[in-house]
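Okay, so here's the structure we're looking at.
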Amino acid sequence: MIQILKPPAALLLDPQRPSLFLAGSIAMGQAEPWQTQVEQALADLPITLLNPRRDAWDSSWEQSIDHPLFRAQVEWELEAQERADLIMMYFAPQTQAPITLLELGLFAHSKRLIVGCPDGFWRKGNIEIVCDRYQI
């Protein structure tokens, strides 16, 4: 049965269960709830999903290293990606996904990525080149 961890939950990963981080477009309402679709599709598997989409996100948080809650969110996401067995990235066409583009650059060399980038994403060519270069 699936286990889902979201921030600010502790990243207590069972080494006997594969883990998958869900990186990708959120854009607060612009992107479809693709994370929920992945959760439903994998619901019967013994896997841990690391979903950074915080249930109680507060858009008033200053995006600053000095804001403790914002920093904790970003640190959770980075640590979860570093520890995950696989990282799934989805670039929704109606978004720009700048953080996911950053994460693609950070983890392309890891050989642990699964990337979805439909036609219409504004930087699809860049995504395709990075994926081709790193054999993703």
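The distance between label points at GLU39 and LEU101 comes to 2.8 nm (points 7 Å beyond Cα on the Cα→Cβ vector). Here the 3J(HN,Hα) profile of the stretch 118-123, calculated from phi with Karplus coefficients 6.51, -1.76 and 1.60 at θ = phi - 60°, is x, 3, x, 5, 4, 10 Hz, Gly and Pro shown as x. For the stretch 1-69, the gyration tensor built on C-alpha atoms gives an oblate shape. Its axis ratio a/c (a ≥ b ≥ c) is at least 1.5, and a/b is not larger than b/c. Across the chain, the relative contact order, built from alpha-carbon pairs under 8 Å that are at least six residues apart, equals 29 percent. Whole-Hz Karplus values for the stretch 90-95 come out as 10, 9, 5, x, 7, 10 Hz, taken residue by residue from phi with 6.51 cos²θ - 1.76 cosθ + 1.60 and θ = phi - 60°; glycine and proline positions read x.
Using only Cα atoms, figure out Rg for the chain and give it as a multiple of 2.2 N^0.38 Å.
On the way: Rg = 14.7 Å, N = 136, 2.2 N^0.38 = 14.2 Å.
With N residues counted in the chain, Rg over 2.2 N^0.38 Å equals 1.03.
Over the chain, DSSP H runs of length four or greater, each weighted -39,500 (n - 2.57), average out per residue to a 222 nm ellipticity of -10000 deg cm²/dmol.
Around VAL130, under 15 Å between beta carbons, what's the net of Lys plus Arg minus Asp minus Glu among the other residues?
+2
The residues of the chain present an accessible area of 58 Å² per residue when probed at 1.4 Å with all protein chains retained.
The values are calculated or read from the model by the stated rules, or taken from the named source; none is laboratory data. Remember, predicted model here, so these are calculated numbers, not experimental data. Positions of Cβ are backbone-derived with ideal geometry, glycine not excepted, and every protein chain shown enters the neighbour counts. Surface accessibility is based on the protein's heavy atoms, side chains included, excluding ligands, DNA and RNA. Shrake-Rupley method; radii C 1.70, N 1.55, O 1.52, S 1.80 Å.
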